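Trainee: Can you read through this structure? Questions will come right after.
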Amino acid sequence: MSIEETSRQGMSIADLLKLSSTLQSVSDSPRLDVEVLLCHILDKPRSYLYTWPETLLSDEQGVMFEGLLQGRQRGEPIAHLVGSKEFWSLELEVNIHTLIPRPETELLVETALELMNKPDARVLDLGTGTGAIALALASERPSWEILAVDVVPEAVQLAEKNRRHLGFDNVTIRQGDWFEQISGQVFDLIVANPPYIDREDAHLQRGDVRFEPHTALVAHNQGFADLERIIADASQYLAEGAWLMLEHGNQQARQLRNLLSAADFVEVKTRTDLQGHERLSYGRCFPFR
Ligand SMILES: C[S@@+](CC[C@H](N)C(=O)[O-])C[C@H]1O[C@@H](n2cnc3c(N)ncnc32)[C@H](O)[C@@H]1O
């Protein structure tokens, strides 16, 4: 560590905020990144940084800040550095074993809440990761019964930790390979944000995804393998008139609609996210199967 770096101990908040210039090549939001790291270390809201800019970090806080700043300079996601990410106003613990929840996935939650009007709906969240979708739905609909599964044991542990921390008793988390552990059960709504990126996609070499596991991101068959498998099997687990909702890549919507229609889903539609990308496709299980 250089003399300049060690001298960050005892620096003021105002001076530390200026170090955001060192993140310009790795981040689209360098200033915000440093603010989030400082808030994490100080355990204070963002307003504190601007109300008390002359505050000095203790030696311990200075060392911690330096470690986190260096991590960010290497490109590590802010969520991994601070260990959490907000999704649907819920603070979720995150780690390297699954996806960091993305704001665009809130579209799936919004759509599920809008289309599913059964007060006692039974819901399945496939590939739950941190538990983001299942826990967001549980926070809005305490009377729904929600089952969430993931194939990665560490993701299951993480989702269960988040569930317990938030205290949602209407969510059950289970390990399994898609529908493997679901036999005999029928749902009113199945939601999934499965891996859908092609192994050769250049985006895998950029930004946060470099630090996320391929088990959460990559699927065979140009990214379609898991989406196809879920669509092929879902109707066995859906009640009459029940919904299947799938998040997907912004170039995959047309094929997704074709796959849903070919599997006899009706009322098939796609919705766009806030960036205008086709992000979510869904359909309804044909009621007179
Ligand atoms: C794109 S991440 C989505 C995580 C979370 N639902 C979200 O939206 O933030 C996909 C998740 O699917 C899980 N997964 C991958 N293959 C699976 C399989 N065969 N069965 C169940 N889950 C799987 C991964 O471990 C990962 O947590």
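Trainee: When the accessible area of the chain is computed with all protein chains present and a 1.4 Å probe, what percentage of it is carbon and sulfur?
Mentor: Working: 6770 of 14080 Å².
Carbon with sulfur: 48 percent of the solvent-accessible area.
Trainee: May I pose another question? Taking Rh as the Kirkwood radius, which is the inverse of the mean 1/r over Cα pairs, what is the Rg/Rh value for segment 88-285?
Mentor: Numbers: Rg = 15.4 Å, Rh = 16.6 Å.
Using Cα coordinates only, the ratio equals 0.93.
Trainee: Further, regarding this structure: Please figure out what share of the DSSP beta bridges in segment 1-149 is antiparallel and state it in percent, rounded to the nearest 5.
Mentor: Working: 5 of 10 bridges.
Around 50 percent antiparallel, to the nearest 5.
Trainee: Can I ask one more? Please get the size of the charge dipole for segment 147-289, origin at its Cα centre, with Cβ charges of +1 on Lys and Arg and -1 on Asp and Glu, quoted in debye to the nearest 20.
Mentor: Details: 15 positive and 21 negative charges, 53 e Å.
For this selection, approximately 260 debye.
Trainee: Sticking with this one: Quick one: grab the alpha carbon gyration tensor of segment 3-75, order the square roots of its eigenvalues as a ≥ b ≥ c, and give me rounded if a/c is under 1.5, else prolate or oblate depending on whether a/b is larger than b/c. Write down the numbers at each step before the final one.
Mentor: Details: a/c = 1.67, a/b = 1.16, b/c = 1.43.
Because a/c hits 1.5 or more and a/b fails to exceed b/c, segment 3-75 counts as oblate.
Trainee: DSSP loop GluC sites (Glu not before Pro) in segment 1-90 with at most 14 other Cβ atoms within 10 Å of their Cβ, which ones?
Mentor: Details: sites: Glu4, Glu5, Glu35, Glu54, Glu60, Glu66, Glu86; in loops: Glu54.
The qualifying sites are Glu54.
Trainee: While we're here: Could you check what % of the DSSP bridge pairs in the chain are antiparallel, to the nearest 5? Please report the intermediate quantities before stating the final value.
Mentor: Numbers: 16 of 36 bridges.
So the antiparallel bridges in the chain amount to around 45 percent.
Trainee: Whole-Hz ³J(HN,Hα) for each residue in segment 180-186, computed from phi via Karplus 6.51 cos²θ - 1.76 cosθ + 1.60 with θ = phi - 60°, x for glycine and proline: what do you get?
Mentor: Result, ordered by residue: 3, 9, 10, 3, x, 9, 10 Hz.
Trainee: List the trypsin sites (Lys or Arg not before Pro) within segment 120-227 that fall in a DSSP loop (any state other than H, G, I, E or B) and whose Cβ has at most 10 other Cβ atoms within 10 Å. Please list the in-between numbers first.
Mentor: Details: sites: Arg122, Lys161, Arg163, Arg164, Arg174, Arg199, Arg206, Arg210; in loops: Arg199, Arg206.
Here the trypsin sites (Lys or Arg not before Pro) that fit, given the DSSP loop and packing criteria, are Arg206.
Trainee: Sum -39500 (n - 2.57) across every DSSP H segment of at least 4 residues in the chain, then divide by the residue count to get the 222 nm mean residue ellipticity, nearest 500.
Mentor: Helix contribution divided over all residues of the chain: -10500 deg cm²/dmol.
Trainee: Among Asp264, Asp188, Asp28, which one shows the biggest mean-square fluctuation in a GNM of the chain, springs joining Cα atoms closer than 10 Å?
Mentor: Asp28
Trainee: Residues of the chain: accessible area per residue at 1.4 Å, in Å²? Could you put the intermediate results ahead of the total?
Mentor: Details: 14080 Å² over 289 residues.
With the other protein chains kept in place, the chain gives 49 Å² per residue.
The values are calculated or read from the model by the stated rules, or taken from the named source; none is laboratory data. Keep in mind that this is a model prediction, so the values were computed, not measured. Glycine also receives a Cβ, built like all others from the backbone with ideal geometry; neighbour counts cover every protein chain displayed. Keep in mind that these areas ignore ligands, DNA and RNA; they rest on the heavy atoms of the full protein, side chains included. Shrake-Rupley method; radii C 1.70, N 1.55, O 1.52, S 1.80 Å.
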